[in-house]
Structure formats: structure tokens, C-alpha cells
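Written below as C-alpha cells is the structure these notes are about.
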Amino acid sequence: MDNHIKKELLLKYEFPKFTRYFTLFMGISLIIYSVFIISTQINSDSSTLKKFLPMIIIFFAFDSVYRNLFSLNKILISNETIKFSFLAKKSTIIKWENMVKIETFVGKKKYFLIHYKSFLTSKCNDETTSFQLPMAFKDIIYIINWITKFAPHVETDEFVSSLLFNDE
């Protein structure tokens, strides 16, 4: 029975790779094509629309590339930690015993705030750091339930509590 308990659990929740990489490819392609159009096709005789349209395309394509590079890409859950990975940003790793609270934030964007003790950023054990977990992430209800299973000591607000499965 001890071997069964000590067995390493590793769960992975990931944004669909095809969607992520296709969107990045299209955004970068649109930026390159728009720069090509600006440098070869636009001159002083060009219409105002022809001058501004490539700039608008670059703006939206850059926004799409930026969002795909810096938004949450993967969540790995193990027996000791939860790891939040991004394509172009440093991963956040939280030990279960360091988690303090999960609460809901509803503003312009909706997400869960995971409060945890981070000994790298805090000088005192009472200080906490927070991580924003988007509500729109794939299988978020299961992820929240895994978090509360591995960190039963974590405080939850009313909405987070309503998402939890009963183990009866």
C-alpha cells in the first residue's frame, strides 16, 4: 500500500498546440507581409487607406503574437508542486504547502487568484504572492479540484467552493 501512495502523479493540462502555433505562425506572417507591403508598395501617392491598413494589420497581429507568447500554456500537477508554464515567460512553480488561498477575481478579465508564500520574493513568512489563473483555461474545474485535493488547507471563497466535487 505504501508503494501505491508514493507513486508519482503527473497531470498535464495544455492549451491546444495546433491552435497556439498556427496563431503564432499567422501573426508573424502577417507582420512580415505588412512590413513588406509598407516598404515596397507604399509611396507618397498612395491613398490614406493603403497607408494605414498595413499598420492596423501589424497592430492586431502583434497583439495576437504577444498574447500567445505570454499567456498560460501548460499546467503540470505533481505530488509536490503545481507548475504554470508559458512559451516566452518564466514558469511559476508553487509547492502545495505554500498555498494559502484561492479566490475569484471578476473585472475586465475573469481569473482565480492563487495566493502563496514565495520565499524568493518575501522577506517575511507572512507575505504572500499571487498568481492569476485564467478562468477560460481548459478543464479549469478539474484543475481547481486537484489544487484543493493536494492543498486541503487552502482557503477558498464561495465561488471556488461551489466548483469543488464532493468525495462522498
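Values in this text are rule-based calculations from the coordinates and carry no lab data. Keep in mind that what you see is a predicted model, and the values were worked out from it rather than measured. Neighbour counts run over all protein chains shown; Cβ positions are idealised from the backbone, glycine included.
The angle between the Cα long axis of helix 48-70 and the longest principal axis of the Cα atoms of the chain comes to about 20 degrees, rounded to the nearest 10. Using a cutoff of 8 angstrom between alpha carbon atoms and counting only pairs six or more residues apart, the relative contact order for the range 8-66 works out to 48 percent. Scaling against 2.2 N^0.38 Å puts the C-alpha radius of gyration of the chain at 1.41. You can think of it this way: the chain between D63 and K149 has 27.3 nm of extra reach, that is 0.36 nm per residue less the Cα-Cα gap. For the chain, the longest principal axis of the Cα atoms and the long axis of helix 140-150 meet at an angle of about 30 degrees.
Assigning unit charges at the beta carbon (Lys, Arg +1; Asp, Glu -1) and nothing else, what dipole magnitude in debye, to the nearest 20, does the chain show about its Cα centre?
Values: 21 positive and 16 negative charges, 150 e Å.
Computed charge dipole of the chain: roughly 720 debye.
Computed on the chain, with alpha-carbon pairs under 8 angstrom and 6+ residues apart, the relative contact order is 18 percent. For the chain, the residue among F112, I75, I147 whose Cα projects farthest onto the positive side of the dipole built from Cβ charges is I75.
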